[in-house]
Each structure stands twice: as structure tokens, then as C-alpha cells.
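The values are calculated or read from the model by the stated rules, or taken from the named source; none is laboratory data. As the structure is a computational prediction, the values presented were derived from the model and not from experiment. Neighbour counts run over all protein chains shown; Cβ positions are idealised from the backbone, glycine included. Side chains are part of the model used for accessible areas, which takes the heavy atoms of the whole protein and leaves out ligands, DNA and RNA. Shrake-Rupley method; radii C 1.70, N 1.55, O 1.52, S 1.80 Å.
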Amino acid sequence: MPGSSTPSSEALPAHVAVIMDGNGRWAKARGLSRSEGHRAGLEATRRAVRFFAEQGVGTLTLFAFSSENWARPRDEVEALFELFVSAIEAELPELVERGIALTFIGDRANFPQDLQTRMTDAEQTSAGNEHMHLVVALGYGGRWDILQAARRWVASGEEGPDPETTFSGYLSTAGLPDVDLLIRTGGECRISNFLLWQSAYAELLFIDPFWPDVSTVELQEGLAWYARRQRRFGRVIASGAGPEPGEVSSA
Ligand code: IPE
Ligand code: IPE
Ligand code: MG
């Protein structure tokens, strides 16, 4: 892909994206409500943010509520919104202390007003922090993102010498690197309309544990797994420069 992805032997992903799945099944296995599963998921989220920030990952994008999750029962959706409001309030001071900038991607127009206000406040309060960029996808869908970008791109009339890079600038992730490592927990092997354009060349890691059970051990294993990938971006790697295609790099 012009402009955004070049072969790299970097062992640490610049951009990690996580589909935090399995809260409901985690709760069900314990005879708890789905909302209690989401609360337990928040603990795992806190662990993951700390972990990736300490590892030096520059951008972390977390999928917390999809466009399609609006179709869930009203009480679950409302409980999630309440959880997001209280989580933003509770977590913001530590994020700022750690030098983390928090932004949100997705269509927030139909969110409750108090949630929208908290989101905007958190973005403003943490703006300019440079240790890590934490992006939380709320009301997010990859197709929504591509469509809103396409509308604005067409309206701009701007093609540019490198249209893919120009178009990327209209996505909700403008300015961020493409996803290097995409992790989905909870055992399902699908993208579920997450960062479709941005994950074009991501390494995809699907792991079984439900999100509330994910500890730094699994996350560390994920980074180690990523470091062993040989990323070719469609090219042929010269012999002697690393493992043959199909082999796993020992790097
Ligand atoms: C992911 O967990 C969190 C959200 C989608 C909000 P789920 O709620 O999808 O949990 P499962 O997949 O039903 O176990
Ligand atoms: C994806 O999980 C969305 C989030 C983790 C926020 P889902 O549980 O909504 O995805 P499906 O329905 O299993 O594809
Ligand atoms: Mg799920």
C-alpha cells in the first residue's frame, strides 16, 4: 500500500487493535448477568492499556461498542453506556498521568448526552499527551468509517498524487499508522466490521480466552507472536534476508 505500509523488521507493533470479545460468555459461565461481564471486562481493559503503554506501543485501539451492538437488548445497551460514562470519569486521571491521549472513533450522534459530553471532555483534557494514543471505538463500524470518509473525500474533490494516502486522511483514524497487530479474544475468528481499511495488512491473532480472563501473559504472548511474523506486504523477500515465505521468522 503506497504511503502507509512498508516491509519492516520492527519487533514491536506501532499500532495494536483489540476486539475485546467474550464478556457475555464469561458472565454466563459464572451465572452472572451480561452487564457484570462488561464490568469485569473493564478490569481487563485497564490491565491491557497499562501493559501496552509500558511496552511502548504508540497506538492502541480498543473495540468497545460496534454499530451492530445497537441491536442488543435495550437494558444491555443502557448498562454499557453507564459503564462508559463512569469508566471515562474514573480512568481519565491515570491516563493523563501516564501521558496517554484518549480519543474516540465511531458515530456518537445517538449516544446519551452525558456520555457525549464526557467523551469530548476526555479528548480535550488528554489532548497533546504523547506517550501513547488510546483510541476507543464506540458506535464504530468499518463500513460506516469508509462511507463517511468517501462522502467527505468526494466532496473535497481532492485526489492527490497518492489517492490511498489522501483517502486515509478522511478516515476516523486519520494520522494514525495502519494496524500492525489485531487481536481478537473469545475464540471467534472474524473481524465483525472493525477497522476494515486500516487492517488491510494487519497480522491477525485470534485467541480463546474471554476478554475478562485476558492477563498480561496473553498480551505478552501476542507481542512475541507478532515479533515472529515475517511481514512481506506482497513482496518476495530475498533469500538470506530471512525465512522463506511460509516459514515463521525466528526473529
Ligand atoms: C464484547 O463482549 C463486548 C461488547 C461487544 C460490548 P460480548 O458482549 O460480545 O460477549 P460475548 O461475545 O457475548 O461473550
Ligand atoms: C465485536 O464483538 C464488537 C466488540 C467487541 C465491541 P461482537 O460480539 O459484537 O461481534 P459478533 O456479533 O460476535 O460478530
Ligand atoms: Mg461478542
If you check ARG143, ARG184, ARG151, which single one turns out to be of a type in the set (Lys, Arg) and either within 16 Å of ligand 1 (Cβ to nearest atom) or in contact with a His (Cβ under 8 Å, 6 or more places away or on another chain) (or both)?
ARG184
If a residue must be free of Cβ contacts under 8 Å to residues at least 12 places away in the same chain and either aliphatic (A, V, I, L, M) or outside any loop (DSSP other than H, G, I, E, B) (or both), how many such residues does region 126-173 contain?
5
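Conditions tested, residue by residue: (1) open to solvent by less than 60 Å² (accessible area, probe 1.4 Å); (2) over 23 Å from ALA48 (Cβ atoms); (3) assigned to a loop (DSSP other than H, G, I, E, B).
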| site | (1), (2), (3) |
| --- | --- |
| ASN193 | yes, no, yes |
| GLN198 | yes, no, yes |
| LEU204 | no, no, no |
| GLU218 | yes, no, no |
| LEU223 | yes, no, no |
| GLN230 | yes, yes, yes |
| VAL236 | no, yes, yes |
| SER239 | no, yes, yes |
